[in-house]
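Take a look at the structure set out below.
Derivation of every value follows stated rules applied to the coordinates shown; laboratory data play no part. These figures come from a predicted structure and were not determined experimentally. Neighbour counts are summed over all protein chains in view; Cβ atoms, including those assigned to glycine, are modelled from backbone coordinates with ideal geometry.
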Amino acid sequence: MLTKAPRGTRDLLPEDCAKWLHVEELFRKICERFGYREIRTPTFEHTELFQRGIGEATDIVEKEMYTFLDKSGRSITLKPEGTAPVVRAFIEHKLFNEPLPAKFFYISPCFRYERPQAGRLREFHQFGVEAFGSPSPSIDVEVIALAVLFLEKLGLSQLKVHINSLGCKRCREDYKKRLNEFLNNKKEFLCETCLVRLDRNPLRILDCKNEGCRKVLESAPVILDFLCDDCRKHFEQVKKELSAVGIKFEVDPGIVRGLDYYTKTVFEIISEELGAQSAVCGGGRYDDLIEECGGPPTPAAGFGMGVERLTLLLESKGLLKIDSWAMDAFIAIAGEEQREYGLRLLYDLRRDGFSAEIDVMGRSLKAQLKYASKIPAKYVFIIGEEEVETGKITVKDLSTGLQEKMTFEEAKALLKKR
Ligand code: HAM
């Protein structure tokens, strides 16, 4: 127990962190290009926010939340997703009084008590964006385009964009009724989970993976045939604008999403190479959520992208390379008598912006040189009795093996050149 991380969590070792940083920096850059600014919300929120926001009859709220009572008896939940907290912050800080649209991005840990497998963890991370205040289809297109451009810049241009429309409260209710009628006549073919879903949330049945259910769904009514005029026009415009900006997509009525807040456009970006957990990114429009959480009626759209799934994919394609790194200088001292002299040089280098280290393991001079070549360092500054006396240090270039005596200032000039 003591030496094993909890199931469904993972460590990022320094090499992983360097890779993640590279991906995060690109995400930040692309978000800024689209006018999205970073927001950071707490790791935990009041449980009610997610119950209300995500929906009581979803798998996340029913089974997957890390919920506990804190010492004063309040029910607290570790965030299972990023949207509801950003909505809460938008309302709490009255950001609706600022010029709209208000556009945010975040990089955040999320927690879901799911059965861990490749690409599915209990603590995972999301890149996300949320745009508040505009009902325009151009915003739906913008969030999809942002995700696609980011993935393209990472080298993933083959991923599939699946889109669908879930309509608004009104047209979805009609559809739910029809779907319910249809499925009620096919009960004997549905799996046990779907039988429960039938009364509580029939839309969930549409993304059931069970073969019997899939067969039944082949002839089920399709939501796109039930859209009201406004929702249909909106969806048509989204498709036109996606084509206008050069994004290939597939209309997929099976995309229903696992959260209840969506209205109109929903989408997923999928990679078959990820196996069962194929969605790298999911999102859509949610025009009622802000009002439902106590804010003024405010249309909104956004997405969440799983960082672990993304890095898994990048790694499998050899696209997660990091620049080779080397420390500028290692200060090797012949003995403890040279330590203070060496420390002065070390901190002079660090203050001047160079990366540098000195021996702290009591190694012999030979072992220090060996260690320096392993870190690796570009140069070793060797300091012995003679160096301290003459003020000239021995500088060894580890890429060529050549060494030369020079003043510390000359050595620094050499580092600047590299
Ligand atoms: P979601 O589809 O639940 O949507 O999650 C978004 C992405 O997070 C998924 O496509 C997947 O890549 C990743 N993900 C989800 N669960 C796990 C897990 N257990 N392990 C690893 N990765 C996971 C949302 O969360 C919405 N908040 C997205 C959104 C933002 N919609 C509008 N704005």
Between ASP323 and ASN97, what's the calculated FRET efficiency when r is the beta-carbon distance and R0 is 51 Å? Round to 0.05. 0.70
Checking a compactness column here: for the stretch 327-417, what do you get for Rg(Cα) / (2.2 N^0.38 Å), N being the number of residues? 0.95
Count the lysine pairs in the stretch 234-353 whose Cα atoms sit under 17 Å apart, keeping only pairs 8 or more residues apart in sequence or on different chains. 4
Evaluated at 37 °C and 0.692 mPa s, the Stokes-Einstein D of the stretch 146-210 based on the Kirkwood radius over Cα pairs, in µm²/s, stands at 229 µm²/s
Using Cα-Cα distances under 8 Å and only pairs 6 or more residues apart, what relative contact order does the chain have, in percent? 15 percent
Using alpha carbons only, how many degrees (0 to 90, rounded to 10) separate the axis of helix 307-316 from the longest principal axis of the chain? 70 degrees
By counting other Cβ atoms within 10 Å of each Cβ, how are THR58, THR407 ranked from fewest to most? THR407, THR58
By Cβ neighbour count within 10 Å, fewest first, SER72, SER165, SER316 rank SER72, SER316, SER165
Springs between alpha-carbon pairs under 10 angstrom, Gaussian network model over the chain: which of PHE96, PHE34, PHE408 fluctuates most? PHE408
Helix-only CD estimate at 222 nm, as mean residue ellipticity for the chain, using -39500 (n - 2.57) per DSSP H run (n ≥ 4): -11500 deg cm²/dmol
Restricting the count to DSSP beta bridges whose residues both fall in the stretch 327-417, what percent are antiparallel, rounded to a multiple of 5? 50 percent
Partners for LYS405 among aspartates and glutamates (Cα-Cα distance below 14 Å; same-chain residues under 8 apart left out): GLU385, GLU386, GLU387, GLU389, ASP397
Degrees between helix 14-33 axis and first principal axis of the chain (Cα, 0 to 90, nearest 10): 60 degrees
Let me check against my output: what whole-number percent is the relative contact order of the stretch 62-198, with C-alpha pairs under 8 Å and at least 6 apart? 16 percent
Ordering of 128-134, 200-206 by packing [mean C-beta count within 10 Å, highest first]: 128-134, 200-206
Could you work out how far helix 339-351 tilts from the main Cα principal axis of the chain, as a 0 to 90 degree angle to the nearest 10? 40 degrees
Can you list the trypsin sites (Lys or Arg not before Pro) in the stretch 65-152 that are in a DSSP coil and have 12 or fewer other beta carbons within 10 angstrom? LYS71, ARG74, LYS94
If the cut-off is 18 Å between C-alpha atoms, which lysines fall inside it for LYS215, apart from same-chain ones fewer than 8 positions away? LYS186, LYS187
Taking R0 as 35 Å, what FRET efficiency do you get between SER219 and SER157 from their Cβ-Cβ distance, rounded to the nearest 0.05? 0.50
For the stretch 339-359, list residues with backbone N below 15 Å from a point placed 7 Å from the Cα of GLU385 toward its Cβ? 339
Linear extension gain, HIS46 paired with LYS392, 0.36 nm per residue minus alpha-carbon span: 118.2 nm
Under 10 Å, Cα contacts only: if you run a Gaussian network model on the chain, which one of ALA372, ALA118, ALA279 comes out with the highest mean-square fluctuation? ALA372
Where a ≥ b ≥ c are root eigenvalues of the Cα gyration tensor, a/c under 1.5 meaning rounded, otherwise prolate if a/b exceeds b/c and oblate otherwise, the chain counts as prolate
Hey, got a sec? Which GluC sites (Glu not before Pro) in the stretch 193-289 land in a DSSP loop and have at most 11 other Cβ atoms within 10 Å? GLU218
When only Cα pairs under 8 Å and 6 or more residues apart are kept, what is the percent relative contact order across the stretch 327-417? 31 percent
